[in-house]
Amino acid sequence: MMGKEQVESTLARLARDLFSETDLNILRLAQLPFVSQEQLDSALVESDFENYSTASLTIAYNFATIHPEISFPEEVKPLLAKVGIRCRDRHLKLLSHFSKINSALNERGVSFIVIKGGAMKSYRPEWTRWMSDVDILIPGDDFREALDAVRGLGYIIGETHHSAGLRDPKTGQNVLDIHRFIPMGTGKEKLFNDILAKRAITLPFSSLSVKVPCPEDMVFISLVNFWKNVTYKTSERSVANICFDLKFLKEREGGLNWNTIRSNALTTESVETVYLASRLLEEVVPGFFPNGFLEEETDLKKAETLLAQTLHTRNVLCPLQEEIGEFNIIKALKEGKPFFKYVFLRAKYFFLKRFPERAQKNSPSDPI
């Protein structure tokens, strides 16, 4: 087992795997009440502007939005402008889809809560923010009713145990996810649905009014989702947005009741997930969370096991999955995958997924 010091050390290395040194500098500057041009210039000294990742550009764009009085180098400005244009264009396209889906659900009397990026857009309608799709949660027993309501709209529907994704048949892009519950890997996720619904508030979503989680529930969902994105190496933009989202929610009038967030974690038995997510973000932006947040409630052995599982998925299974590519063997062979190599990689993937301890036992704490 790792022990607390090793957990902290591993999270520090993982933070630097997620964010470049420039990313970290900008994120930390963004938390300050006042920032000078000299501070930003200093943070950008070692920057490789030509190779800015999507996440890095998102972080820089968010910072520029908060501090329009401070200038990025001339070669970066066109890149940041493109980020804003793409975000606005995507938002307008999603709105047209959401309006149709909202009408279909309302006609059936299906109530829902907008979560994740869509909810943040409701909290900050003036903020230009990337959304790959809109996520809604059906808190009651109307999940099947919701699917029936949208079937006639022409979307391609892909269903999992916790959600159904709606794809635009023209572009193939996902436009909306309908959730039964927010996945946390605990088996207790549905206990959060009623709590979420009772505390939900009404905010505008463009010209519509929608239910969204209260600020504390927004923070809780963000932390759970952040750890999922870290584990499965998904949604670069979501990872890049989280510090700005949490900063906004924390600084809203009334602040945050951290006991509410703690209660959510205890109810859903996701304490270790929320603890690790918060500790990882503390490595990125120190001082955001209250001192000792969830330390007393966290079972360190469970946290160590969860961290090892995350590293195994992130550093072993995800790269292997990328190498395999298409998991449908017929499609894979049509794409020209060598048969025997494909079969070998598939067998290796499922073995390592089924017996992760074989991959973890040598260096479970090394994320890189």
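The numbers here are math on the coordinates, done by the rules we state, and not lab data. Source: prediction; values computed, not measured. All Cβ positions, even for glycine, are placed from backbone atoms using ideal geometry, and neighbour counts span all protein chains on display.
Given the DSSP H assignment, sum -39500 (n - 2.57) over each helix run of at least 4 residues in the chain and divide by its residue total; what's the result at 222 nm in deg cm²/dmol, nearest 500? Kindly include the intermediate steps, with their values, before the conclusion.
Working: 17 runs with 207 residues, N = 368.
After summing the helix terms and dividing by the residues of the chain, the value is -17500 deg cm²/dmol.
Among DSSP bridges having both ends in the chain, what percentage is antiparallel? Round to the nearest 5. Walk me through the numbers on the way to the answer.
Working: 17 of 21 bridges.
Roughly 80 percent of the DSSP beta bridges within the chain come out antiparallel.
From the residues 274, 101, 11, which one has its Cα farthest along the dipole of the chain in the positive direction, the dipole being from +1 and -1 charges on Cβ of Lys/Arg and Asp/Glu about the Cα centre?
101
Once both labels are modelled 7 Å past Cα along the beta-carbon direction, what's the residue 353-residue 28 spacing in nm?
3.9 nm
Of the candidates 233, 82, 341, which one comes out as most mobile in a Gaussian network treatment of the chain with C-alpha springs shorter than 10 Å?
Between 233, 82, 341, it is 341 that shows the largest mean-square fluctuation.
How large is the charge dipole for the chain, taken about the Cα centre, if only the Cβ atoms of Lys, Arg (+1) and Asp, Glu (-1) carry charge, to the nearest 20 debye?
Numbers: 47 positive and 48 negative charges, 287 e Å.
That gives a dipole near 1380 debye.
If you take the Cα Rg of the range 1-97 and divide it by 2.2 N^0.38 Å, with N the number of residues, what do you get? Mind dumping the intermediate values first?
Numbers: Rg = 16.3 Å, N = 97, 2.2 N^0.38 = 12.5 Å.
So the Cα radius of gyration is 1.30 times the expected 2.2 N^0.38 Å.
Write down, largest first, the equivalent ellipsoid semi-axes of the range 50-191 in whole Å, where each equals the square root of 5 times an eigenvalue of the alpha-carbon gyration tensor. Write down the numbers at each step before the final one.
Values: eigenvalues 217, 56, 39 Å².
In descending order the semi-axes read 33, 17, 14 Å.
If I take all pairs of Cα atoms in the range 109-213, what percentage of them are more than 23 Å from each other?
Values: 1500 of 5460 pairs.
Across the range 109-213, Cα pairs with separations above 23 Å total 27 percent.
Just to confirm the filter: which GluC sites (Glu not before Pro) across the range 108-173 are DSSP coil and have at most 12 other Cβ within 10 angstrom of their Cβ?
Answer in residue order: 126.
In debye to the nearest 20, how big a dipole does the range 109-213 give about its Cα centre with +1 on each Lys and Arg Cβ and -1 on each Asp and Glu Cβ? Mind showing how you got there, number by number?
Working: 14 positive and 12 negative charges, 57 e Å.
It works out to roughly 280 debye.
Can you pull out the GluC sites (Glu not before Pro) in the range 315-345 whose DSSP state is coil and whose Cβ has at most 11 other Cβ atoms within 10 Å?
Details: sites: 322, 323, 326, 335; in loops: 326, 335.
Hits after loop and neighbour filter: 335.
With only Lys, Arg, Asp and Glu charged, each at its Cβ (+1 for the first two, -1 for the last two), find how big the charge dipole of the range 221-301 is about the Cα centre; round to the nearest 20 debye.
Values: 9 positive and 12 negative charges, 61 e Å.
Result for the range 221-301 is approximately 300 debye, rounded to the nearest 20.
With a 10 Å cut-off between alpha carbons and a GNM built on the chain, which of 328, 315, 229 moves the most?
Ranking 328, 315, 229 by mean-square fluctuation puts 328 first.
May I have the convex hull volume per residue, in Å³, for the Cα set of the range 45-107?
Working: hull volume 6.5 nm³, N = 63.
Looking at the range 45-107, the number lands at 103 Å³ per residue.
Set Lys and Arg Cβ to +1 and Asp and Glu Cβ to -1, take the dipole of the range 109-213 about its Cα centre, and tell me which of 113, 125, 210 lies farthest positive.
125
What translational diffusion coefficient, in µm²/s and rounded to a whole number, does the Stokes-Einstein relation yield for the range 210-314 at 4 °C and a viscosity of 1.567 mPa s, taking the hydrodynamic radius as the Kirkwood radius over Cα pairs? Working shown, then result.
Numbers: Rh = 14.1 Å.
D, rounded to a whole number, is 92 µm²/s.
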